[in-house]
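Contents: one structure, followed by commentary.
The values are calculated or read from the model by the stated rules, or taken from the named source; none is laboratory data. From a predicted model like this one, the values you see are computed outputs, not experimental measurements. Cβ placement follows ideal geometry from the backbone for every residue including glycine, while neighbour counts extend to all protein chains displayed.
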């Protein structure tokens, strides 16, 4: 049994694929199997993948005849084929530092019951350049999983790239992992919540992965349209109802504040905003109250600011 199963789910990333695979095969820790998946790519991906089909590290090579429609379907397929103690879902447009596995496994072995470990990942632009300097301390932080969810995963997904994680395979399979297949954007966030609730979490404050930002990234566009916010509400509902975890008023207020902030910044469509309101009314009424209150605050603030601009409030 390999210690780690590395899963590369690819779709139309031919220009990045060789760098990704080579960054895995040349790891300083070689205790892994490699599972290569392709979701019916229309570029040169399959030809590149075929070059690695018979590599001794490649245990599975699967090319879909029909596109699955979701990266999370491919994640679940890869994990179902995996044999390792941990799985590393290595997205096909990213790449890793060659010590990623060695350093991550070293940290995992220092603590008991680790179900998820993650490092930092550098943000890389299309030219392969670091977008901004990471604040690395090389420190290691340990959390009980339930505490981690409460502190870091209720309001946002701080694990911003799955390529920088190791996930305990059995813990993954014990979750309701099929739920992520119904999500277009935030399936990773939901998965982290479900996994973390089963054990402990370790964070390594060192950039051991490289997260490529380019035209085909969907997260930024989804955020602007409000779609990621809508799916985030589903995760909040999961935490509240499936795990019977009460949500505090401060957490609800934080959601309302983000809602107003993003709506003002991006201008969600009325259709998307209506869906968010409907979900809030059903599961998180406190968010709805805070949302309308915060909107009123901004409206009054803008009126007051405009009055000052015209000298109406001079001397007050």
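The set of residues in region 178-198 being assigned to a loop (DSSP other than H, G, I, E, B) and closer than 15 Å to residue 159 by Cβ consists of 185, 186, 197. Counting only strands (runs of 3 or more DSSP E) wholly contained in region 26-97, the ones carrying 3 or more residues that are without any contact (Cβ under 8 Å) to a residue 40 or more places away in the chain and crowded, with 16+ Cβ neighbours inside 10 Å occupy 32-38, 58-63. Is it true that some residue in region 136-146 is part of a helix (DSSP H, G or I) and in the same structural domain as residue 206 (by TED's automatic domain parsing)? Checking region 136-146: at least one residue is part of a helix (DSSP H, G or I) and in the same structural domain as residue 206 (by TED's automatic domain parsing).
Screening residue 203 against (1) outside any helix (DSSP H, G or I); (2) buried (at least 19 other Cβ atoms within 10 Å of the Cβ); (3) touching a helix residue (DSSP H, G or I) at 6+ places or on another chain (Cβ under 7 Å) leaves a single unmet condition, (3).
Rundown of residues vs (1) within 15 Å of residue 206 (Cα to Cα); (2) surrounded by 16 or more Cβ atoms within 10 Å (Cβ to Cβ), yes/no style:
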| position | (1), (2) |
| --- | --- |
| 99 | yes, no |
| 103 | yes, yes |
| 110 | no, no |
| 116 | no, yes |
| 119 | yes, yes |
| 132 | yes, no |
| 137 | yes, no |
| 147 | no, no |
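Give the residue that is modelled with the lowest pLDDT, with candidates limited to residues of region 151-162 that are more than 22 Å from residue 208 (Cβ to Cβ) and buried (at least 16 other Cβ atoms within 10 Å of the Cβ). Result: 155. Selection over region 232-264 of residues that are part of a helix (DSSP H, G or I) and touching a helix residue (DSSP H, G or I) at 6+ places or on another chain (Cβ under 8 Å) gives a count of 22.
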